[in-house]
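This report refers to the structure that appears directly beneath it.
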Amino acid sequence: MNDFADDYRPDQLLSDLGKRLVSGSLTDRQLLAQTAGPVQQLLPDANVVKIGGQSVIDRGGKALLPLVEEIAGNLAQHQMILGTGAGTRARHAYSVALDLGLPTGVMSVLGTFVSMQNARMLHYLLAKHGIPFIEPVQFPQLPLYLVERRAVVFFGMPPYTFWQQNPAVGRIPPHRTDTGSYLVSEVFGARSMIYVKDEDGLYTADPKKDRNATFIPRITAGELLALDLQDLVVERAVLELMQNAQHRRSIRVINGLVPGNLSRALAGEDVGTLITAE
Amino acid sequence: MREDPTSRRHHVDSLLMRESLLDKDLMAATDEHAPVVRMLADAHVVKVGGRSIIDRGRQALFPLAAALGRALEEHRLIIGTGGGVRSRHVFSIGLDLGLPTGVLAQLAIADALGNAHILGTLLAPYGVVAIPPEIFGHLLPFFLKGAPGVIMNGDPPYSIWEHPPGIGRIPPHRTDAGSYLTAECFGCKSLILVKDVDGLFDADPAEHPEARLIREIDVAELKAMDLASLPFDEVLLDLLPRGRLVKRFQIINGLHPERLTRALAGEHVGTIVHAD
């Protein structure tokens, strides 16, 4: 008989909550409420920056190259987890898929491929700074790369593929690159979530189509959803998820076509639109 | 490709060209297209409970595995597994350490995968094994052409991309949800959740012996009942009404394996939950 065996008391291996989790139902709201509590901020210094697909990358060098320089210029001060949107080619693939009646989960696979192309292009432009592109299976290396190289590139689509949920309306995958990037910022307890798009932020309507659209500098997710706008500046799911978030309870939307905006947002300045959980 | 004169964005001609995928009317219009393709219309998805069946060991699992073996002679089966007690345990340790929901979801995948391999060992004589999740989705139709069935870990691949839940920190998309999403995407014939209760009761039958079995119910009725707990992932109540191809599932008691045989034959032997 060794000491370890003497110390082995199965009834004390689990906390009280652990015992309830093992024996209770995970749909029991009282039990679920007991699972609330402080959550570690795993990467508190990292900023998640999502580069828009249609809004930025599809514009080519004119829009993307200055932004790449600005990203490089911020490496000394800021850690960045850089996600990419999908954009025009995803719209084309979704159109073909809709015409053929392909399921939402298959569209999610197609959108992932486009987002991955954009991640690869951004990655090559940043290659000389030693910045890697990581796929979801490589995320365990993310903390090392952030410390060593200050930034990584990933594709913004969440890796749901065939398990993408149907949207409430229509067939386009509801959880796309805004949502995938947001969830990275939330799970790691990142310092900020910045969406780089081609508008100054949020408007009351699509400013590309409506001249009377007015700028909204700051708003809560609940207020924004209640406005029930025809169009939104970020995926609806981000606004819904943010209200349940432990850490990343605000997001910022900036115009990446304006030099200096990203640097200002990384520095914590009030640029673009800030959307908060409450 | 052309440049839009107002926004100066470049576009490729297509239905969604120049459009915001967040526009409500445009999204509604995307439903006015061809009916959704059913990739695996003849396959059934059978979710085998972790704590309810597999954790009970041979007493529960051997008879069920035998019933699955017989069913494989007639049906194509996609068998999902739950994580069971080991997932509950890793949740409790992870919660105690202050780890976020996404990390808990990532950790739990390993338990359901372990159970997939346990079941795969028992079903190996039928040529049915656990398929690695990395290739499962892309190769599923291929595998089902060569084997009568496959086994998957029931979890969807949400991992660190799991959604923070409304209450607490337990990952909301667990193995019932992953099995449903598989059935929906591949347009399967049915989804059967194999548990250790006869179906859905109006109260937890373990605590309330007088609880009544609900044979059939739709999501709106079920939500209105506001039950204290459910015998399946609650998020199914959000997913099912959005279903295009799978609009119902049946919960059956796998401690009576003949009910699996009958449920696969289309019989009503447990509780059927409808989208509407």
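Taking the DSSP beta bridges with both ends in the range A:46-276, the antiparallel portion is around 20 percent. With contacts taken as Cα pairs under 8 Å at a separation of at least 6 residues, the range B:69-143 carries a relative contact order of 32 percent. Separation of the range A:88-112 from the range A:240-255 is 27 Å, based on Cα centroids. Summing Cβ point charges (Lys, Arg +1; Asp, Glu -1) relative to the Cα centre of chain A gives a dipole of roughly 720 debye.
For the range A:99-179, the spherically averaged projection of the C-alpha convex hull amounts to 6.0 nm². Computed from backbone phi with θ = phi - 60° and the Karplus coefficients 6.51, -1.76 and 1.60, the 3J(HN,Hα) list for the range B:179-189 is 5, 4, 5, 4, 4, 5, 5, 8, x, 6, 6 Hz; x is used for glycine and proline.
Relative to the 2.2 N^0.38 Å rule of thumb, chain B has a C-alpha radius of gyration ratio of 1.09. Here A:K209 sits with roughly 120 square angstrom of accessible surface, probe radius 1.4 Å. Of the Cα atoms belonging to the range A:73-119, the radius of gyration and Dmax stand at 14.7, 48 Å. Would you mind checking the pairs B:K47/B:K247; B:K47/B:K189; B:K145/B:K189; A:K19/B:K47 and listing those with alpha carbons more than 23 angstrom apart? Cα-Cα > 23 Å for A:K19/B:K47; rest within. When the alpha-carbon atoms of the range B:75-191 are used, the pair Rg, Dmax equals 14.7, 45 angstrom. Here the range A:215-259 is treated as an ellipsoid with the same Cα gyration tensor; its semi-axes, largest first and in whole Å, are 19, 15, 9.
Counted over chain B, the DSSP beta bridges are approximately 25% antiparallel. Accessible-area rank, largest first, for B:F232, A:F133, B:F142: B:F142, A:F133, B:F232, with all protein chains present and a 1.4 angstrom probe. Percent of C-alpha pairs per 10 Å bin in the range A:35-140, short distances first: 13, 38, 29, 16, 4.
Please give the average number of partner chain Cβ atoms lying within 10 Å of the Cβ of each residue in A:85-91, rounded to a whole number. Before the final figure, lay out the partial values.
Values: counts 0, 1, 5, 9, 2, 2, 9.
Mean shielding by partner chains, rounded to a whole number: 4.
Quick one: work out the % antiparallel among DSSP beta bridges in the protein assembly as shown, nearest 5. Rounded to the nearest five, the antiparallel share is 25 percent. For the protein assembly as shown, the dipole from Cβ point charges (+1 on Lys and Arg, -1 on Asp and Glu) about the Cα centre works out to 1180 debye, to the nearest 20. Looking at the range B:159-248, the GluC sites (Glu not before Pro) that sit in a DSSP loop and have at most 14 other Cβ atoms within 10 Å of their own Cβ are B:E207, B:E210. Working note: 222 nm ellipticity from helices only, DSSP H runs with n ≥ 4, each -39,500 (n - 2.57), summed and divided by the residues of chain B, gives -11000 deg cm²/dmol to the nearest 500. Dipole magnitude for chain B: computed about the Cα centre from +1 point charges on Lys and Arg Cβ and -1 point charges on Asp and Glu Cβ, it is near 700 debye.
Need the C-alpha centroid separation for the range A:183-236 versus the range B:163-184, integer Å. Spelled out, the Cα-based centre of one part sits 27 Å from the other.
Working note: Debye formula, equal point scatterers on the alpha-carbon atoms of the range B:1-138, no solvent; log10 I(q)/I(0) at q = 0.13, 0.21 Å⁻¹ is -0.77, -1.21. Computed from phi, the 3J(HN,Hα) profile of the range A:152-163 under the Karplus parametrisation 6.51, -1.76, 1.60 (θ = phi - 60°) reads 9, 10, 9, 7, x, 4, x, x, 6, 6, 5, 9 Hz, with x in place of Gly and Pro.
In a solvent-free Debye calculation with one equal scatterer on each Cα, what is log10 I(q)/I(0) for chain A at q = 0.09, 0.16 Å⁻¹, listed in the order of the q values? For chain A, the Cα-only Debye profile gives -0.47, -1.28. Taking every DSSP helix (H) stretch of at least 4 residues in chain A, weighting each as -39,500 (n - 2.57) and dividing the sum by the residue count yields a mean residue ellipticity at 222 nm of -11000 deg cm²/dmol.
Of B:H138, B:H33, A:H175, the residue with the largest accessible area leads and the full order is B:H138, B:H33, A:H175 (1.4 Å probe).
Bridgeable aspartates and glutamates around A:K208 (alpha carbons under 17 Å apart, same-chain partners fewer than 8 residues away excluded): A:D58, A:D198, A:E199, A:D200, A:D231, B:E3, B:D4, B:E19, B:D23, B:D25.
Among A:V234, A:Y145, A:L183, which residue has its Cα positioned farthest towards the positive end of the charge dipole of the range A:129-278, with +1 placed on the Cβ of Lys and Arg, -1 on the Cβ of Asp and Glu, and the dipole taken about the Cα centre? Toward the positive end, the furthest listed residue is A:Y145.
With distances taken between every two different alpha-carbon atoms, the protein assembly as shown has a Kirkwood hydrodynamic radius of 24.5 Å.
Beyond 19 Å, what share of the Cα-Cα pairs of the range A:18-88 is found? Please give it as a whole percent. Walk me through the numbers before you get to the answer.
Details: 1458 of 2485 pairs.
Roughly 59 percent, rounded to a whole number.
Both chains summed, the buried accessible area for A and B stands near 7100 Å², from protein heavy atoms and a 1.4 Å probe. For the pair the range B:101-117 and the range B:189-227, the centres of their Cα atoms are 26 angstrom apart. Of the DSSP H helices in chain A, those that are both long (alpha-carbon extent of 30 Å or more along the helix axis) and hydrophobic (Kyte-Doolittle mean at least -1.0) are A:104-125.
Considering only B:G114, B:G49, B:G146, the Gaussian network model of chain B with Cα springs below 10 Å gives its largest mean-square fluctuation to B:G146.
In the calculated pair-distance distribution of the range B:52-100, the portion above 11 angstrom amounts to 74 percent of the Cα-Cα pairs.
The values are calculated or read from the model by the stated rules, or taken from the named source; none is laboratory data. A quick note: this is a predicted structure, and the numbers were derived from the prediction, not measured. Every residue, glycine among them, receives a Cβ derived from its backbone with ideal geometry; neighbour counts consider all protein chains shown. With ligands, DNA and RNA removed, areas are computed over all heavy atoms of the protein, side chains included. Shrake-Rupley method; radii C 1.70, N 1.55, O 1.52, S 1.80 Å.
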